[in-house]
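No lab work stands behind these numbers, since they all come straight from the coordinates. As the structure is a prediction and not an experimental result, all values here were calculated from the model. Positions of Cβ are backbone-derived with ideal geometry, glycine not excepted, and every protein chain shown enters the neighbour counts.
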Amino acid sequence: MSLIQFENRLREYALLMRLDKPIGAFLLLWPTLWALWLAGQGQPARGVVVIFVLGVFLMRSAGCVINDIADRNFDPYVARTRQRPLAARRIAVREAVVVLIVLCLTAFALVSLLNTLTVLLSLPALALAISYPFMKRFHHLPQVHLGAAFGWSIPMAFAALTGAVPLLAWLLFAANVVWSVVYDTMYAMVDREDDLQVGTKSTAILFGARDRWIIGRLQLLLLVLLVLVGLLGGLGWAYYAGLFAATWFALYQQYLIRNREPDQCFKAFLNNNWFGLIIFCGIVLDFLPAMTS
């Protein structure tokens, strides 16, 4: 294999792992950081933070590989996905499997540096990541499954830093599941017509004409759950200021999806990155006085 062929192969693997589209990693990263800062009372151990951040990018990449392996016979019929490496047959399934194994083994090597409870909790995380892509064949709520997969880092973060998984962790986990349904429904609204043709299921199809109404109620539930997180976690004004700012992002997303135009729905999906970031900023600022005292 020539150097040029090797570089082309690496580029295809990078596309397979969606390294060119980091939004998914960010949507997984923010709730992980929320949990680390809450569990660590604003001062999580740096080594643990590094392990989780690396784990986020590794497992998000692994999730993309699993998804493309599962959807390789559907993706060619969806406009947004037909140029993915597996769908376009630019790489073989066996190559994707090798990439997947390397990613999972690397992630497990990282988590093995943590305590036993965290290692045990990593097993359901792997099961959720592997099973998620297949859920769209069986029911219309794969977004709920995605929320559980994306949110499982929350109990793991608490376990790594405190040796336990308290009620606060599960409340934050529930909030993340709701949030995942919100943004992934917006994402699914982009592909709704293609998904109807190929027979895959989603909340966008399930909600139908009531999609905006249901998303709006879920956004309200999300904010209520995050208020409860603040109350249970004893957070102060900076955190609630972050929630107030996040509310405006949620309203803006409603504005974007008002006509259900695919480009605008995708823009609303992307805007959730700012929603997650502003909440993290609120948490960090809330703990800042304790960190500097």
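Going from the residue with the fewest nearby Cβ atoms within 10 Å to the one with the most, L28, L114, L120 rank L120, L114, L28. Approximating the spin labels as points 7 Å out from Cα along Cα→Cβ, the V97-to-H139 distance works out to 2.9 nm. As a length-normalised measure over Cα pairs under 8 Å and 6 or more apart, the relative contact order of the chain settles at 20 percent.
Between A109 and W213, the modelled label-to-label distance comes to 5.3 nm, taking each label 7 Å out from Cα in the direction of the beta carbon.
Label the range 50-187 by shape, choosing from rounded, prolate and oblate, from the square roots a ≥ b ≥ c of the eigenvalues of the Cα gyration tensor; if a/c is under 1.5 it is rounded, and otherwise prolate applies when a/b is larger than b/c, oblate when it is not. Judged from the Cα gyration tensor, the range 50-187 comes out oblate (a/c at least 1.5, b/c at or above a/b).
Spin-label point model (7 Å from Cα, Cβ direction): what's the Q43 to K267 distance in nm? Calculated label separation equals 4.5 nm.
Residues K21, K136, K267, ranked from the fewest to the most other C-beta atoms within 10 Å, line up as K21, K267, K136.
Set the Förster radius R0 to 22 Å, insert the Cβ-Cβ distance between L285 and V224 as r into 1/(1 + (r/R0)^6), and round the FRET efficiency to 0.05.
Numbers: r = 22 Å, r/R0 = 0.98.
The calculated FRET efficiency here is 0.55.
Counting neighbouring beta carbons within 10 Å and listing from fewest to most, the residues D194, D263, D184 come out as D263, D194, D184.
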